[in-house]
1. Tell me the residue from Ala291, Ala318 that is assigned to a helix (DSSP H, G or I), small (Gly, Ala, Ser) and more than 18 Å from the chain's Cα centre (by Cα), please.
2. Can you find a residue in region 297-306 that is exposed (fewer than 15 other Cβ atoms within 10 Å of the Cβ), hydrophobic (A, V, I, L, M, F, W, C) and either outside the structural domain of Thr227 (by TED's automatic domain parsing) or in contact with a Cys (Cβ under 8 Å, 6 or more places away or on another chain) (or both)?
3. Residue check, Asp315 against (1) touching a Phe, Trp or Tyr at 6+ places or on another chain (Cβ under 9 Å); (2) surrounded by fewer than 24 Cβ atoms within 10 Å (Cβ to Cβ), all met but one. Which one?
4. Within region 106-122, does at least one residue satisfy the condition of being crowded, with 19+ Cβ neighbours inside 10 Å, touching a strand residue (DSSP E or B) at 6+ places or on another chain (Cβ under 8 Å) and part of a helix (DSSP H, G or I)?
5. Which one of these is touching a Ser or Thr at 6+ places or on another chain (Cβ under 8 Å) and on the phi < 0 side of the Ramachandran plot: Leu332, Leu319, Leu297, Leu311?
6. Can you say whether Leu103 is within 27 Å of His346 (Cβ to Cβ) and either in the same structural domain as Gly298 (by TED's automatic domain parsing) or not aromatic (Phe, Trp, Tyr) (or both), as far as the supplied structure shows?
7. List the strands (runs of 3 or more DSSP E) inside region 2-60, counting only whole elements, that have at least 2 residues being of a type outside the set (Val, Ile, Thr).
8. Go through region 160-209 and give me each residue that's among the hydrophobic types (A, V, I, L, M, F, W, C), in contact with a Phe, Trp or Tyr (Cβ under 9 Å, 6 or more places away or on another chain) and buried (at least 21 other Cβ atoms within 10 Å of the Cβ).
Amino acid sequence: MSAKTIGIIGGGQLGRMLAMAAARLNFRTVVLEPQEDCPAAQVANEQIVASYDDPSALAELARRCDVVTYEFENVPVSAAEELASQVTVYPPPKALEMAQDRLIEKQFINGCGIPTARFHAVDSQADLDKALIDFDGQGVLKTRRLGYDGKGQRVYRSATDSATDGYVALGNVPLILESFVSFEREVSIIAARSPDGTVACYDPAENIHINGILHTSTVPASISEQTANDAMEAAEKILTALGYVGVIGIEFFVLADGSLIANEMAPRVHNSGHWTEAACVISQFEQHIRAVAGLPLGNPLRHSDCVMTNLIGDDIEALPEWLRRDDTLVHLYGKTEARPGRKMGHVTQLLH
């Protein structure tokens, strides 16, 4: 096998794990990332040190690679489209466009016949006032773009919460107000689609967040077989509508009757799918590489139940204890400084 080259836009831990998976399948990787010695560059073959929308860097990436993918959804759509005119880009830029704007994302998901929380576009303080009246003073106000891990949000829990500066407080940018959802648990599904339309879904994981950041993912989730099948069906609808190639992560709220409300999607490998590297023969990272490279998708079935725990900030100090366990896979991200909210690694404990 001649070593073809896969480009990865973004040099964080997801890019790092994609590069590791690519190497196992005899692919070379080139990372485009402005930060030198980023986590992905420590294991990739080459790094282009430049911004994600640098025209000459994008042209260089296209010249060196047979296919290009990305590890995060805030790659400029215009850059992805320009790159796609020169080389194959998976997932397609259309997926970025849908995922980067929470309003467009929810409209798209609804268009696939999948329910979401109720929502209103908010483009002024007057829009916010009207939307809160409709939602009885409650809801979650979010920036439409660039928010993640709980950033760029403001919660209104009752009509007595002051909304007078809500629009200004989040930067005078396009916002969305989402209604509260009364749910029993949060789950996510990791799914993949190949260029020929084949879809493979991993088992849904049950997720717990702390301060807006994923803390644990447990598999199997405490849901019925019907709910799990509904999540897989929803994922296939979304993948097909996008003409998607690669791995996607989709988060859901599970209601008391077992029905699902879609929360958001991420057009990339996903934190809640890290468990797959320990509990499945084919991890989400290898699955993504297989998909974008046009190889057959692997079997997504798990061989073990498990709990994946993120190591965030000072959690890394518990590393010696995790390393002493004989049932736990430890994966560190090559970051030398622990900061509050920073993902330093993860551990996956197999359950017997």
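The values are calculated or read from the model by the stated rules, or taken from the named source; none is laboratory data. Note that this is a predicted model, so its numbers are computed, not measured. A quick note on method: Cβ atoms are made from the backbone with ideal geometry, for glycine too, and the neighbour counts reach across all protein chains shown.
1. Working: Ala291 fails: more than 18 Å from the chain's Cα centre (by Cα).
So the residue among Ala291, Ala318 that is assigned to a helix (DSSP H, G or I), small (Gly, Ala, Ser) and more than 18 Å from the chain's Cα centre (by Cα) is Ala318.
2. Taking region 297-306 and keeping what is exposed (fewer than 15 other Cβ atoms within 10 Å of the Cβ), we get 299, 301, 303.
Next cut, hydrophobic (A, V, I, L, M, F, W, C) only: 301.
Right, trim to either outside the structural domain of Thr227 (by TED's automatic domain parsing) or in contact with a Cys (Cβ under 8 Å, 6 or more places away or on another chain) (or both) and you get 301.
Checked region 297-306: at least one residue is exposed (fewer than 15 other Cβ atoms within 10 Å of the Cβ), hydrophobic (A, V, I, L, M, F, W, C) and either outside the structural domain of Thr227 (by TED's automatic domain parsing) or in contact with a Cys (Cβ under 8 Å, 6 or more places away or on another chain) (or both).
3. (1)
4. yes
5. Leu297
6. Details: within 27 Å of His346 (Cβ to Cβ): no; either in the same structural domain as Gly298 (by TED's automatic domain parsing) or not aromatic (Phe, Trp, Tyr) (or both): yes.
Considered against the rule, which asks whether it is within 27 Å of His346 (Cβ to Cβ) and either in the same structural domain as Gly298 (by TED's automatic domain parsing) or not aromatic (Phe, Trp, Tyr) (or both), Leu103 comes out as no.
7. Values: elements: 5-9, 28-32, 46-48.
Per the criteria, 28-32, 46-48.
8. Leu175, Ile176, Leu177, Val187, Ile189, Ile190, Ala191, Ala192, Ala205 - these are the residues of region 160-209 that are among the hydrophobic types (A, V, I, L, M, F, W, C), in contact with a Phe, Trp or Tyr (Cβ under 9 Å, 6 or more places away or on another chain) and buried (at least 21 other Cβ atoms within 10 Å of the Cβ).
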